[in-house]
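Chemist: Structure in C-alpha cells, see below.
Please treat every number below as a calculation from the coordinates, not as lab data. Here the structure is a predicted model, which is why all the values come from computation and not from measurement. Methodologically, a virtual Cβ is constructed for each residue, glycine included, from the backbone with ideal geometry; neighbour enumeration extends over all protein chains shown.
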C-alpha cells in the first residue's frame, strides 16, 4: 500500500477543528497561532524490543506513546492541541493498523488533541509522537521555579507502575500478597496523562515535572534547576490500595524510586496554598508530601535521613 | 551515557534566539506564537538500511534528514524557525555523534532554524526530524490552488539526484559519458532546500509542492488537489550540464520521473507573471515548463502525447 493511501485509510479521522488550516495531505500542516499564546511541544520515540516487549498489543503501544507526550505537555501546564505521528512498520498488517489507529484516535479525542500530519516508513517497529499545545504567554510551569519553603505536591498514587513492571517483565513472585495485580499492570501500560490537573495547577504552582523516572529522580531535576533541596515525609506518600497490601517499607521504596507513573510533581508557594486547596476543592488525589529546603540537591526524609543527593541514591 | 548528558553534550548548541521561551532541559519546549502568523510543521523519519545504506556517513544522514523537512516547509512558502530531533542509536559512538551534531548545527544555522528539543533512545539507527515554521495568516502555498491557464514553473534542475542514485546504488555503467558524476551524487546526498525561493514565490504562486518523488508524480498531486490537468514542454525542462552530457531522451526521462531533487514545482497566474519575473530579476534558475489545462489529472507533452494520468505513468 502506498504511504499516502495508508495515511488516508488509517489516519484521516475527522474534519479538522478550527485552528487547523491544513492537516494531512499537503507538504506540511498549517496551524493557527493565536496571539498571547506560546507553543509548547514535546516528542518521544518508542521502539519495539526497547521500550515495549515485541509482542505488546497495538493498543498498549499507541496509548503509552501518546500518553507520555501528553504528560509532558501537562507538566508544562499547557493544553494539548495537535500532534504528529512518525510510524515505522516492518510490514503493513491491517489488523494491527486498525487497532492502533482506533485506540490512538480515542485517546486523542479524550484530550481534544488532533492528528495534523506524520510520516510512515518501512523498518523496525517504532513510533515517534510529537504533541504541540499552547499556554498563555509566560504561564508555563518550569522545573526552575521552586523556592525555599514551597510545599511539594503530587497527583494520584506512586509506585504502581513499577510494581506492574515487576509483575509483567520479571514475573516477580514477591508480590503474592498483592491485591489487584491488574491495577498495577494497567498503571504501567495505560498511564493517565494529568492534563486537566496541569491546567488547573498552573495558576498556583511554582515548578512542575511529571514522574517518569521515579519521584526522587524527577524531584532532583526540579532541585537542580531551582538550586534548592527538599524534605519528603515518606509517611504521607500517596499509595494505592494495591501498594498498601504489600510490606510498608517495600511500598515506600517503590513510591520513591519507581518510574512510569506519569503523575505530576509540583511545588506551591505557601502564600498560594489556601487558594490552591480551594481550587482543587479538597480533592484527595492531590497530596502534600514535603517541602523545599535550602540544602541544594539533597533530599532527606522526615527524620533527616538522606534519601538522595546528586550522584548518590540511597534507594538504587 | 545518560540521555540527558548526551543531549547536553551534543545537542545544546547556542543561546536560544528570541522566540524560544524554553528549549532543551524541561518537559517540553516553549515557543512564542506571534499574532497574525500560522504555525507550519512537517515531520520525516529516516531509517538505516531503508532510507540510506547502512554505512552512510553521519554528515549525509543528518543533512538529508533536516533538508527534506526544510524543503516541505519551503514548499508551503513558510519560514523555518524551530525543529525537534528524535534520534535512535544502536550504541553511543562519540565520533559519529560529533560529526552528526556538527553537520546538523551547520545546516540548521544556515536556515536560522533552532533545535528546541528531542528524544534520544537506543535501538536500530533512525532519525525523525520535525521542523516548525511560520507564515503570515492565510499565505501558505497549498497544492490545491492551481487554475486553468496558470504557468508551471520549477526551480533548479531536474533528474540529477535520480542519476546520482543510479551511480551510487546500482553502479549503473550506462553513464560512462556523463560529465561530473560527483555533481549528481551530491545532488542526491546533499539536497538544497529551496527556503528562500519558497518565501519569495509565495507572493505570486497559486500552488506549490517540492519534487521528492519525481516531477510527474508530484505534479499529479497538484493536479488532483486542484482538479486540473497540465501540458509540459519537455524541451524546456531545466537540465544540468551533467544531464546534458547524456542521451537527450534519457535525460528528459530522468527529469520527468526522477525523485529526490527537492526543487520547488509551482504555478503562477499569468496576471501575476510579469510581477513575478521582476521579483526574481530574470533569474534563470526559475524555469517555465508548461501550463495548467482543463484535462483533469492528465499530463501531456508539447505534442499532446500522454505523459501521465492518474493510475498510469508512461515513463514508469
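Chemist: Which value, in Å³ per residue, describes the convex hull spanned by the Cα atoms of segment B:257-316?
Modeler: Dividing the Cα hull volume of segment B:257-316 by its residue count gives 118 Å³.
Chemist: Given R₀ = 22 Å, what would the calculated FRET efficiency be for residue A:176 paired with residue A:241, taking r from the Cβ atoms and rounding to 0.05?
Modeler: On the way: r = 16 Å, r/R0 = 0.75.
Rounded to the nearest 0.05, the efficiency is 0.85.
Chemist: For B:287, B:122, which order do you get if you count the other beta carbons within 10 Å of each Cβ and list the fewest first? The partial results should precede the final answer.
Modeler: Details: B:287 18, B:122 13.
If I rank by nearby Cβ atoms, fewest first, I get B:122, B:287.
Chemist: Now, a different point. Taking Rh as the Kirkwood radius computed over C-alpha pairs, what is the Stokes-Einstein D of chain B at 20 °C in a medium of viscosity 1.002 mPa s, expressed in µm² per second?
Modeler: In µm²/s, the coefficient is 104.
Chemist: May I pose another question? Given Cα pairs under 8 Å that are at least 6 residues apart, what percent is the relative contact order of chain A?
Modeler: Answer for chain A is 22 percent.
Chemist: Could you pull the copy-to-copy label distances for residue B:169, with points set 7 Å along Cα to Cβ, in nm to one decimal and sorted shortest first?
Modeler: 3.8
Chemist: Another one. What's the angle, to the nearest 10 degrees (0 to 90), between helix A:215-226's Cα axis and the longest principal axis of chain A?
Modeler: Between the helix axis and the principal axis of chain A, the angle is about 90 degrees.
Chemist: With springs only between Cα atoms under 10 Å, which of A:298, A:263, A:91 fluctuates most in a Gaussian network model of chain A?
Modeler: Evaluated over chain A, the most mobile residue of the options is A:91.
Chemist: Other chains' Cβ within 10 Å of B:207-217 residues: what's the mean?
Modeler: Going residue by residue through B:207-217 and averaging, the value is 1.
Chemist: For the residue pair residue A:302 and residue A:96, what label-to-label distance in nm results when each label sits 7 Å from Cα along the Cα-to-beta-carbon direction?
Modeler: 5.0
Chemist: What 222 nm value per residue comes from the helices of the protein assembly as shown, counting each DSSP H run with n ≥ 4 as -39,500 (n - 2.57) and dividing by all residues, nearest 500 deg cm²/dmol?
Modeler: -10000 deg cm²/dmol
Chemist: Quick one: helix A:248-257 against the long Cα principal axis of chain A, what's the angle to the nearest 10°, folded into 0 to 90?
Modeler: Helix A:248-257 sits roughly 50 degrees off the main axis of chain A.
Chemist: Inside 10 Å of the C-beta atoms of B:84-90, what's the mean count of C-beta atoms belonging to other chains?
Modeler: 4
Chemist: Next up: Using only the alpha-carbon atoms of segment B:216-289, report the extent along each of the three principal axes, biggest first, to the nearest angstrom.
Modeler: Sorted from largest, the Cα extents of segment B:216-289 read 37, 31, 20 Å.
Chemist: Ranking A:44, A:112 by Cβ neighbours within 10 Å, fewest first, what do you get?
Modeler: The fewest-first ordering by Cβ neighbours comes to A:112, A:44.
Chemist: Please give the Cα centre distance for segment B:181-212 versus segment B:41-98, rounded to the nearest Å.
Modeler: 17
Chemist: Which FRET efficiency, nearest 0.05, do residue A:273 and residue B:137 yield, Cβ-Cβ r, R0 56 Å?
Modeler: 0.85
Chemist: Could you bin all the Cα-Cα distances of the protein assembly as shown into 10 Å bins starting at 0 and give me the percent of pairs in each, rounded to whole numbers?
Modeler: Result returned by the calculation: 3, 16, 24, 24, 16, 9, 6, 2, 0.
Chemist: In nm, to one decimal, how far is the residue B:9 label point from the residue A:250 one, both placed 7 Å along Cα→Cβ?
Modeler: Placing both labels 7 Å beyond Cα along the Cβ direction yields 3.8 nm.
Chemist: A further question follows. In which sequence would A:284, B:197, A:224 go, from the one with the fewest C-beta neighbours within 10 Å to the one with the most? It would help to have the intermediate numbers written out before the result.
Modeler: Details: A:284 7, B:197 23, A:224 15.
Fewest-to-most Cβ neighbours within 10 Å comes out as A:284, A:224, B:197.
Chemist: In degrees, nearest 10, range 0 to 90: what is the angle between the Cα axis of helix B:94-110 and the longest Cα principal axis of chain B?
Modeler: That works out to roughly 50 degrees.
Chemist: While we're on this one: What value does segment B:60-146 have for Rg/Rh, both radii from Cα atoms and Rh as Kirkwood defines it?
Modeler: Values: Rg = 14.6 Å, Rh = 13.9 Å.
Reported Rg/Rh (Cα atoms, Kirkwood Rh): 1.05.
Chemist: Using a 10 Å cut-off around each Cβ of peptide B:44-51, what is the average number of partner chain Cβ atoms that fall inside?
Modeler: 5
Chemist: Taking one equal scatterer on every alpha-carbon of segment B:114-271, how large is log10 of I(q)/I(0) by Debye at q = 0.12 1/Å?
Modeler: -0.61
Chemist: Between copies, how far apart are the residue A:182 label points? List them in nm, one decimal, shortest first, with each point 7 Å from Cα toward Cβ, please?
Modeler: Ordered by increasing distance: 6.8 nm.
Chemist: Estimate the FRET efficiency between residue A:203 and residue A:148 by the formula 1/(1 + (r/R0)^6), using the beta-carbon distance for r and 22 Å for R0, to the nearest 0.05.
Modeler: Computed FRET efficiency for residue A:203 and residue A:148: 0.55.
Chemist: Between the label point of residue A:297 and that of the same position in each other copy, find the distances and list them shortest first in nm, with every label point placed 7 Å from Cα along the Cα-to-C-beta direction.
Modeler: Counterpart label points of residue A:297 in the remaining copies fall at 6.7 nm.
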